[in-house]
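Student: Below you'll find the structure I mean.
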Amino acid sequence: MVVVVAVIAALALLPIVRDAWRMRRGPLVTALAGIAWLTVAISSSMAPDARPPATNRPVPLDRDEIEFATSRSCRACHPDEHASWHHSYHRTMTQVATPDTIIPKITKETFEYLGERYSIEMRGSRLWVTVDGRERRVVQTTGSHHYQVFWYPTGSSRKLGLFPFCYKLAEQRWMPIDSVFILPPETRQQTGIGRWNTNCYMCHATEAEPRWRSADEMDTRVVEFGIACEACHGACGEHVAENANPLRRYAQRLADEPDDTVVNPARLDADASAEACGQCHALTIVREQYESEVRESGLVFRPGGKLEHTRVVISPDSTEPEVQRLTASQPEFIASKFWPDGVIRISGREFNGLRVSACFTHDHEPTRMTCLSCHEMHPGGDEERSLDEWADDQLGAGMRTNRACTQCHEEYLDDAELVAHTHHAPGSTGSLCYNCHMTYTTYGLQKAVRSHAITTPDVRTNIETRRPNACNQCHLDQSLGWAADRLQAWYGTDVPELDSDQRDVAAGALWALRGDAAQRAFTAWSMGWKAAREASGGGEWMTPYLAELMRDPYPAVRFIAHRSLREAAEFAPAEAWDFTADEGEREPAIRAVVDLWERRSRRGAPRLLIDGDGALQRDAFERLLKARDTRPVYLTE
């Protein structure tokens, strides 16, 4: 009865409170304090526990501060936002290892890799791994969208080790974590001991304290695993306390004023809004004066702040001393993260691409592009898609179409204007703005990802940087010369100097045979991309090139090539093929695929190195293969 009376009284007084709030009538608001106090007492007694549960010592989940409220405190007032966040891959980025969070159905798996033996086994409700001949319990997981990896305690502190095999969800198979990245064959990633405590915590948990005292002592603690509410909105302890008073909440809504106890990235200016995402989705290095503080207490940045006050956003031309020291100690670092013209080429670092794009750098604030121009962290009330569909990339409704661009470039809402600009039919993949200006030239998760550096197609850039150009990434069966001629005819783009192969041989063939490991990976991916297969006249001519890429010295390239080959169902001999097996075990299936292809009728064209009668031009094929760019390539996240 007390609850009912308090609620009725509060509702009855809402109009008065609204006017009092707008006119700042302090005495009147004070006169309502009694009712407000009663309601606060009731609502506080019913509020969920905001503190994370106690956990075993090896798990870094027990940082307990009043400044942070945790996502559980948001649900009561923001049920829809909490529900969408709870459904997102942000939430499940890192989790305590339990039967509910471990995705693969494990009994016992054993692996041999580079002369060492490993195992992972489920016993009851606990997961165990064997590493270096020692058995250890898995205490936490990372990933739930594409991969899942597993962490175990290494000693008395909370320093964690990474089990060197991950589970690939789409293929439902295990693979060495090394094989996920593009790394020279002779290079092996470190075992991952302490990596979560020194690096992964920055983006895979909310408000972490590394407490990194020495190489062996890492007493890491976090407020919450995964990317939770306070990662984007800042510490919410004050917000929860202030808004425990329902009169304040409703008055705030009626007045339609920002709540200064919380950060809403959608209300920030373009720089601050993008940097709220960039705290994780950027390649950065901590400024020297904050290094000690960060090792102990964690990253200093909070949403709404200035990212570069405490961290340097890395670029190849940076003169910042922290970047200079980094590149001096790791000479391959810049090349492993950026194309030669400075465009970021690894996934998860979208802010580095956005910040060099004209859509973001221009000075007309209302139309400056931010992450939230296309992405939404919480679907709107009129959302027709399921949460599963939304969660894949967290794009706003319609943002997979030209609507993403026409919200600013309204002239291309007119089909005639669109066709005049793209020279492709409306509704075709060639008239999708993304495909020309946000090309699939970022690597991550064994696939190509759209670049967030918005660029213009140019064959010269392709020649100078080896980054695939947009025209030939779809039209793999046409040469670089063909693309350059059309860009000149359509847009007046200068034609660069080209050698005879660049002028006459299909770009897909040239990149697959003569390119470096990055070009080969992107080409292998493009050969499985439906839009490219259709634009290239079908994929049957690609088979000998994909077969050759399945022999590639880089495991990731082999994996991508095999996946693309499986788009052609008739090449079943490669179905059970294992990209991690020894060369002798891999070769028979590859040979069987080529033999089958040679027995089928197929399209011939000199630029494809296929004669009119369908025979592969072996001499030209081998000549380009011998000219392959064998410089080491490192593409790691």
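The values are calculated or read from the model by the stated rules, or taken from the named source; none is laboratory data. Nothing here was measured: the structure is a model prediction, and the numbers come from that model. Here the Cβ positions follow ideal geometry from the backbone for every residue, glycine too, while neighbour counts run over all protein chains shown.
Student: Among the residues in segment 397-405, are any in a loop (DSSP other than H, G, I, E, B), among the basic types (Lys, Arg), closer than 21 Å to Ala276 by Cα and not assigned by TED's automatic domain parsing to the domain that holds Glu81? Before the answer, list the steps.
Tutor: Within segment 397-405, the first condition is being in a loop (DSSP other than H, G, I, E, B), and the residues that meet it are 397-402.
Those left that are additionally among the basic types (Lys, Arg): 400.
Cutting the leftovers down to closer than 21 Å to Ala276 by Cα gives us none.
No: segment 397-405 contains no residue that is in a loop (DSSP other than H, G, I, E, B), among the basic types (Lys, Arg), closer than 21 Å to Ala276 by Cα and not assigned by TED's automatic domain parsing to the domain that holds Glu81.
Student: Which condition number in (1) in a helix (DSSP H, G or I); (2) surrounded by fewer than 19 Cβ atoms within 10 Å (Cβ to Cβ) is the one that Ala276 fails?
Tutor: (2)
Student: Now for a separate question. With the structure loaded, tell me whether Thr580 is of a type in the set (Ser, Thr, Tyr), touching a helix residue (DSSP H, G or I) at 6+ places or on another chain (Cβ under 7 Å) and not in a helix (DSSP H, G or I) or whether it fails that test. Quick ask: steps written out before the conclusion?
Tutor: On the way: of a type in the set (Ser, Thr, Tyr): yes; touching a helix residue (DSSP H, G or I) at 6+ places or on another chain (Cβ under 7 Å): yes; not in a helix (DSSP H, G or I): yes.
Here the answer is yes, as Thr580 does meet what is asked.
Student: Condition first: closer than 15 Å to Val139 by Cβ and not aliphatic (A, V, I, L, M). Now tell me which residues in segment 84-109 satisfy that. I'd like the intermediate steps shown before the answer.
Tutor: At the first step, the residues of segment 84-109 found to be closer than 15 Å to Val139 by Cβ are 94-102.
Result: Thr94, Gln95, Thr98, Pro99, Asp100, Thr101.
Student: Next question. Quick one: in segment 136-159, of everything that is in contact with an Asp or Glu (Cβ under 9 Å, 6 or more places away or on another chain) and not small (Gly, Ala, Ser), which residue is farthest from Ala215 (Cα to Cα)?
Tutor: His145
Student: OK, next. Please enumerate the residues belonging to segment 283-301 that are crowded, with 16+ Cβ neighbours inside 10 Å and within 24 Å of Lys159 (Cβ to Cβ).
Tutor: Residues satisfying the conditions are Thr284, Ile285, Val286, Tyr290, Val294, Arg295, Gly298, Leu299.
Student: Something else now. What single numbered condition from (1) touching a Leu at 6+ places or on another chain (Cβ under 8 Å); (2) within 23 Å of Asn472 (Cβ to Cβ) fails to hold for Val593?
Tutor: Answer for Val593: the failing condition is (2).
Student: Let me ask something else about it. Would you mind telling me which numbered condition in (1) touching a residue at least 40 places away in the same chain (Cβ under 8 Å); (2) buried (at least 19 other Cβ atoms within 10 Å of the Cβ); (3) under 23 Å from the mean Cα position of the chain (by Cα) Gly304 fails?
Tutor: (2)
Student: Which condition does Ile610 not pass, out of (1) in contact with a Pro (Cβ under 9 Å, 6 or more places away or on another chain); (2) in contact (Cβ under 8 Å) with a residue 60 or more places away in the chain; (3) of a type outside the set (Lys, Arg); (4) farther than 15 Å from Thr543 by Cβ, if it passes all the others?
Tutor: Condition (4) is where Ile610 drops out.
Student: Specify the residue that is farthest from Ala241 (Cα to Cα); the eligible residues are those in segment 76-122 that are small (Gly, Ala, Ser) and either outside any strand (DSSP E or B) or touching a His at 6+ places or on another chain (Cβ under 8 Å) (or both).
Tutor: We begin by selecting, within segment 76-122, every residue small (Gly, Ala, Ser); these are 76, 83-84, 88, 97, 115, 119.
Still in the list and also either outside any strand (DSSP E or B) or touching a His at 6+ places or on another chain (Cβ under 8 Å) (or both): 76, 83-84, 88, 97, 115.
Details: Ala76: 13, Ala83: 22, Ser84: 23, Ser88: 26, Ala97: 32, Gly115: 57 Å.
Applying the filter and picking the extreme gives Gly115.
Student: May I pose another question? Condition first: modelled with pLDDT under 95, in contact with a helix residue (DSSP H, G or I) (Cβ under 9 Å, 6 or more places away or on another chain), part of a helix (DSSP H, G or I) and buried (at least 23 other Cβ atoms within 10 Å of the Cβ). Can you find one or more residues in segment 201-218 that meet it?
Tutor: Scanning segment 201-218 turns up no residue that is modelled with pLDDT under 95, in contact with a helix residue (DSSP H, G or I) (Cβ under 9 Å, 6 or more places away or on another chain), part of a helix (DSSP H, G or I) and buried (at least 23 other Cβ atoms within 10 Å of the Cβ).
Student: Same structure again: Checking the condition acidic (Asp, Glu) and more than 28 Å from the chain's Cα centre (by Cα), which residue from Glu587, Glu567, Glu637 passes? Steps first, please.
Tutor: Numbers: Glu567 fails: more than 28 Å from the chain's Cα centre (by Cα); Glu637 fails: more than 28 Å from the chain's Cα centre (by Cα).
Of Glu587, Glu567, Glu637, the one residue that is acidic (Asp, Glu) and more than 28 Å from the chain's Cα centre (by Cα) is Glu587.
Student: What are the pairs, 6+ residues apart or on separate chains, where a residue within segment 385-406 that is free of Cβ contacts under 8 Å to residues at least 40 places away in the same chain has its Cβ under 6 Å from a residue that is part of a loop (DSSP other than H, G, I, E, B) and acidic (Asp, Glu)?
Tutor: So the pair list comes out as Gly396/Glu376.
Student: Same structure again: Look through Ser373, Ser315, Ser297, Ser357 and report the one residue that is at pLDDT 95 or above and out of contact with any helix residue (DSSP H, G or I) (no Cβ under 8 Å at 6 or more places or on another chain). Outline the logic, then answer.
Tutor: Details: Ser373 fails: out of contact with any helix residue (DSSP H, G or I) (no Cβ under 8 Å at 6 or more places or on another chain); Ser315 fails: out of contact with any helix residue (DSSP H, G or I) (no Cβ under 8 Å at 6 or more places or on another chain); Ser297 fails: at pLDDT 95 or above.
The unique qualifying residue is Ser357.
Student: Scan segment 588-617 residue by residue and report those that are part of a helix (DSSP H, G or I) and either of a type in the set (Val, Ile, Thr) or modelled with pLDDT of 95 or more (or both). Steps first, answer last, please.
Tutor: Kept after step one, since they are part of a helix (DSSP H, G or I), are these residues of segment 588-617: 588-598, 606-608.
Selection gives Ile590, Val593, Val594, Arg607, Leu608.
Student: A further question on this structure: Only one residue in Leu498, Leu513, Leu476, Leu487 is closer than 29 Å to Ser336 by Cβ and touching a Ser or Thr at 6+ places or on another chain (Cβ under 8 Å). Which one? Before you say what the answer is, go through the steps one by one.
Tutor: Values: Leu498 fails: touching a Ser or Thr at 6+ places or on another chain (Cβ under 8 Å); Leu513 fails: touching a Ser or Thr at 6+ places or on another chain (Cβ under 8 Å); Leu487 fails: closer than 29 Å to Ser336 by Cβ.
Result: Leu476 is the single residue among Leu498, Leu513, Leu476, Leu487 that is closer than 29 Å to Ser336 by Cβ and touching a Ser or Thr at 6+ places or on another chain (Cβ under 8 Å).
Student: Can you tell me which of Ala255, Ala270 is buried (at least 18 other Cβ atoms within 10 Å of the Cβ), in contact with a Lys or Arg (Cβ under 9 Å, 6 or more places away or on another chain) and not assigned by TED's automatic domain parsing to the domain that holds Asn197? It would help to see each step written out before you state the result.
Tutor: Working: Ala255 fails: buried (at least 18 other Cβ atoms within 10 Å of the Cβ).
Going through Ala255, Ala270 in turn, the sole match is Ala270.
Student: Just the residues that are of a type outside the set (S, T, N, Q) and assigned to a loop (DSSP other than H, G, I, E, B), please, taken from segment 344-363. Show your work before the answer.
Tutor: First pass over segment 344-363, keeping only residues of a type outside the set (S, T, N, Q): 344-346, 348-351, 353-356, 358-360, 362-363.
Within segment 344-363, Arg345, Gly348, Arg349, Arg355, Val356, His362, Asp363 qualify.
Student: Moving on to the next point. So is Ser144 assigned to a strand (DSSP E or B), among the small types (Gly, Ala, Ser) and at pLDDT 95 or above or not?
Tutor: Working: assigned to a strand (DSSP E or B): no; among the small types (Gly, Ala, Ser): yes; at pLDDT 95 or above: yes.
Taking the combined requirement at face value, the residue does not satisfy it.
Student: Taking only segment 93-136 into account, find how many residues are closer than 19 Å to Leu61 by Cβ and without any contact (Cβ under 8 Å) to a residue 40 or more places away in the chain. First the steps, then the outcome.
Tutor: So the first thing to find is which residues in segment 93-136 are closer than 19 Å to Leu61 by Cβ, and the list is 93-102, 125-127, 136.
Still in the running and without any contact (Cβ under 8 Å) to a residue 40 or more places away in the chain: 98-100, 125-127, 136.
Residues in segment 93-136 being closer than 19 Å to Leu61 by Cβ and without any contact (Cβ under 8 Å) to a residue 40 or more places away in the chain: 7 in total.
Student: Starting from segment 355-374, keep only residues that are closer than 18 Å to Ile344 by Cα, then list their pairs with residues that are part of a helix (DSSP H, G or I) and charged (D, E, K, R) whose Cβ atoms are within a distance under 8 Å, requiring at least 6 positions of separation or different chains.
Tutor: As it stands, the answer is Cys371/Glu350, since those pairs meet every condition given.
Student: Still on this structure: Restricting segment 618-635 to residues that are in a helix (DSSP H, G or I) and among the aliphatic types (A, V, I, L, M), which is surrounded by the fewest Cβ atoms within 10 Å (Cβ to Cβ)? Don't jump to the end; show me each part of the working.
Tutor: The initial filter retains those residues of segment 618-635 that are in a helix (DSSP H, G or I), namely 618-626.
From the residues that got through so far, the ones that are among the aliphatic types (A, V, I, L, M) too are 620, 624-625.
Details: Ala620: 16, Leu624: 18, Leu625: 13.
The extreme case among them is Leu625.
Student: So, of the residues in segment 486-542 that are hydroxyl-bearing (Ser, Thr, Tyr) and buried (at least 23 other Cβ atoms within 10 Å of the Cβ), which turns out to be modelled with the lowest pLDDT?
Tutor: Ser536
Student: A further question follows. As an exercise: evaluate Ser564 against (1) in a loop (DSSP other than H, G, I, E, B); (2) closer than 19 Å to Leu445 by Cβ; (3) among the polar types (S, T, N, Q) and give the number of the one condition it does not meet.
Tutor: With respect to (1) in a loop (DSSP other than H, G, I, E, B); (2) closer than 19 Å to Leu445 by Cβ; (3) among the polar types (S, T, N, Q), Ser564 is out only on (1).
Student: Continuing with the same structure: Name the residue, out of Ala509, Ala483, that is assigned by TED's automatic domain parsing to the domain that holds Trp541, of a type in the set (A, V, I, L, M), in contact with a His (Cβ under 8 Å, 6 or more places away or on another chain) and not in a loop (DSSP other than H, G, I, E, B).
Tutor: Values: Ala509 fails: in contact with a His (Cβ under 8 Å, 6 or more places away or on another chain).
From the options Ala509, Ala483, the qualifying one is Ala483.
Student: Among the candidates Ala420, Ala425, which residue alone is without any contact (Cβ under 8 Å) to a residue 24 or more places away in the chain and in a loop (DSSP other than H, G, I, E, B)? Talk me through it step by step, then tell me what you get.
Tutor: Details: Ala420 fails: in a loop (DSSP other than H, G, I, E, B).
Just a single option satisfies the conditions, and that option is Ala425.
Student: Right, something else. Mind listing just one residue for me: the one in segment 327-341 that is surrounded by fewer than 17 Cβ atoms within 10 Å (Cβ to Cβ) and touching a helix residue (DSSP H, G or I) at 6+ places or on another chain (Cβ under 9 Å) and, of those, nearest to Phe181 (Cα to Cα)? First the steps, then the outcome.
Tutor: Going through segment 327-341, the residues surrounded by fewer than 17 Cβ atoms within 10 Å (Cβ to Cβ) turn out to be 327-332, 340-341.
The next check asks that each one be touching a helix residue (DSSP H, G or I) at 6+ places or on another chain (Cβ under 9 Å); those that pass are 327, 330, 340-341.
Details: Thr327: 20, Gln330: 17, Pro340: 19, Asp341: 22 Å.
Filtering segment 327-341 for residues that are surrounded by fewer than 17 Cβ atoms within 10 Å (Cβ to Cβ) and touching a helix residue (DSSP H, G or I) at 6+ places or on another chain (Cβ under 9 Å), the one nearest to Phe181 (Cα to Cα) comes out as Gln330.
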